[in-house]
Amino acid sequence: MPKLPVSLASRLSAALPLLPHCRRTLTYSISAGGGGVSPFFSRSLSTRSLLKRRRPAAPPPLKPAIPDVLVTHLGPSNHWYPHYDRLMPCPSENTIPRVEHLVSFNGGNVVDFISKSLNLPPLYVADLIHFGAVFYALVCPNPPPTATPQQFRVFKEVTDPAVLKKRSSIRGKTLREAQKTFRVTDPNQFLEAGTYLRVHVHPKRFPRCYEVDWKRRVIEVADSYVVLDKPAGISVGGTTDNIEECCATFASRVLGFEDPLLTTHQIDNCSEGCVVFSRTKEFCSFFHRLMREHQVKKLYLALASAPVPTGVISHYMRPAVLAPKLVSEENEEGWHLCQLEVLECIEVPWPSANIREAHSIEDSGWSPQEYAYECKVNLLTGKTHQIRAQFAAIGAPLVGDAMYMPAAAAEMANPDINPFGRCRRQHGGSLANDKTIEAWIAAHGKEPKLGIGLKASHVSWGDGKFSYEAGVPWWQQ
């Protein structure tokens with residue numbers, strides 16, 4: 001593919017500020033050495049669909065030191081990316097997501113290529129690799145349906161059988177196997193021509209990691225496992241773009257382990273309580289088997305905003321990767337059974353304003369009441385967001401749950417908004433269609449920033465031979 005003329009590059013750069021808001025960032029990487037244009041969509045955050053004002057100025061011109069690279073972005077008109085230096089110190093707030101997709105047309109060092117392509121400091125790129133925020137594939141994955149004709153042309157160019165045949169690195173692999181992504185773990189990694197890269201320039205950060213007394217969070221250290229009282233606001237084993245700021249990493253360091261702890265199960269970032277980590281691959285496999293055979297008992301303390309009946313509560317959860325998780329009392333085709341048992345429900349004072357502020361608990365549009373309800377829950381099936389979604393479905397969302405509280409409040413005000421709610425019986429059947437499902441999802445809020453009224457209070461296995469209790473939940477402190 002021919003190199004983009006300089007005059008066209010200049011016109012493109014000048015025209016970009018006039019383009020409307022878009023939910024994606026379009027990246028053009030132009031390589032001089034036999035290069036070509038490799039445009040691929042990358043995700044950014046924008047809640048508006050129309051441009052309301054122009055950018056105050058055009059993007060800065062290309063630096064003479066890297067005349068072979070042009071990167072342009074479509075994003076919110078009032079947003080400029082921050083000055084890049086290093087990933088540390090950790091910011092107190094996350095910035096707008098930025099994910100870039102690149103294809104290398106010439107071989108070279110991964111840090112050098114990303115640094116030049118995205119105009120980032122080499123040390124910042126090295127930090128991204130250390131955080132696990134850079135991925136590669138030998139061959140570019142299929143572009144999305146929304147890709148432009150130009151993007152499809154680039155994809156066809158780098159995946160042409162005649163081109164792939166010359167690459168020794170993919171011999172014996174199917175195209176699907178060659179398109180599988182892996183983390184870049186070494187800043188000295190060499191990229192061969194045709195390699196695809198996905199760069200999470202703004203990884204999700206967890207500043208709470210640096211505030212926790214991790215030694216006090218350790219419940220048990222055994223030869224093959226560790227039990228931790230996980231703090232709220234931190235992931236168990238890392239996220240897609242950040243495997244550094246997580247419980248597994250920080251617990252390993254405070255215990256002085258050379259080999260990092262392995263995750264055996266998950267609880268939500270906004271939850272706190274007992275989490276079991278493995279020190280060996282053998283115990284990891286052993287614990288996974290216990291989980292599959294339902295031989296691990298997990299009890300939770302859930303702080304509900306309304307009374308909850310004792311006994312088994314059953315729902316069916318929609319099989320979707322992204323949150324919020326939708327549930328129905330009716331058995332929908334292909335949905336997963338969710339069951340929990342409420343062992344007891346005790347009336348307790350609603351957490352005071354001082355306690356909520358100290359633990360960064362959000363009001364979530366639900367006015368504080370005189371009483372809340374502390375429930376002891378035996379989790380019979382382990383689905384993502386299960387307790388949160390099921391409690392919200394019966395009108396008792398967890399205190400501080402910024403995702404499910406708004407939806408529960410909306411359903412109370414207008415029962416018809418939930419196409420899978422109890423009102424469906426009054427209408428003689430399902431109300432679900434693309435439009436009503438989309439409106440119901442929109443009624444939910446965002447994931448809580450820190451904590452909610454949920455504590456994994458107990459974990460045990462081996463018929464109770466191995467049993468551990470977490471500390472008191474935040475609302476009792």
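The values are calculated or read from the model by the stated rules, or taken from the named source; none is laboratory data. The shown structure was predicted, so the numbers you read here are calculated from the model rather than taken from an experiment. Heads up, the Cβs are rebuilt from the backbone with ideal geometry, glycines too, and the neighbour counts pull from every protein chain shown. The accessibility values were calculated without ligands, DNA or RNA, using every heavy atom of the protein model including side chains. Shrake-Rupley method; radii C 1.70, N 1.55, O 1.52, S 1.80 Å.
Numbers below:
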read-out	value
Failed condition for A147, given (1) under 18 Å from V99 (Cβ atoms); (2) assigned to a helix (DSSP H, G or I); (3) of a type in the set (A, V, I, L, M, F, W, C)	(2)
Residue satisfying all of: in the range 120-136; touching a residue at least 40 places away in the same chain (Cβ under 8 Å) and within 14 Å of M88 (Cα to Cα); surrounded by the fewest Cβ atoms within 10 Å (Cβ to Cβ) among these	H130
Filtered residues of the range 344-378 (kept if among the charged types (D, E, K, R), open to solvent by 50 Å² or more (accessible area, probe 1.4 Å) and in contact (Cβ under 8 Å) with a residue 60 or more places away in the chain)	E362, K376
Whichever residue in the range 218-243 is without any contact (Cβ under 8 Å) to a residue 40 or more places away in the chain and within 28 Å of A358 (Cβ to Cβ) and, among such residues, is farthest from the chain's Cα centre (by Cα)	V218
Hey, E329 open to solvent by 80 Å² or more (accessible area, probe 1.4 Å) and either over 19 Å from I219 (Cβ atoms) or modelled with pLDDT of 95 or more (or both) or not	no
Selection within the range 115-134 - closer than 23 Å to T249 by Cβ and assigned to a helix (DSSP H, G or I)	L123, Y124, V125, A126, D127, L128, I129, H130
Selection status of P141, within 26 Å of P82 (Cβ to Cβ), outside any helix (DSSP H, G or I) and open to solvent by 20 Å² or more (accessible area, probe 1.4 Å)	no
The range 254-283, subset charged (D, E, K, R) and touching a residue at least 24 places away in the same chain (Cβ under 8 Å), residue most open to solvent (accessible area, probe 1.4 Å)	E282
Looking only at the range 159-201, and only at residues there that are more than 24 Å from the chain's Cα centre (by Cα) and among the polar types (S, T, N, Q), the one that is farthest from H101 (Cα to Cα)	S168
Some residue of the range 182-196 being touching a Phe, Trp or Tyr at 6+ places or on another chain (Cβ under 9 Å) and open to solvent by 50 Å² or more (accessible area, probe 1.4 Å)	yes
Any helices (runs of 4 or more DSSP H) falling wholly within the range 315-425 and containing at least 1 residues that are more than 25 Å from the chain's Cα centre (by Cα)	353-358, 405-413
Close pairs from the range 284-306: first under 16 Å from Q339 (Cβ atoms) and among the basic types (K, R), partner part of a strand (DSSP E or B) and modelled with pLDDT under 95, Cβ under 7 Å, at least 6 apart	K298/L379
Any chance T249 is in contact with a strand residue (DSSP E or B) (Cβ under 9 Å, 6 or more places away or on another chain), open to solvent by 20 Å² or more (accessible area, probe 1.4 Å), of a type in the set (S, T, Y) and free of Cβ contacts under 8 Å to residues at least 60 places away in the same chain	no
Total residues in the range 455-477, condition hydrophobic (A, V, I, L, M, F, W, C) and over 28 Å from the mean Cα position of the chain (by Cα)	2
Subset tally (residues that are of a type outside the set (F, W, Y), surrounded by 13 or more Cβ atoms within 10 Å (Cβ to Cβ) and not in a strand (DSSP E or B)) for the range 457-477	4
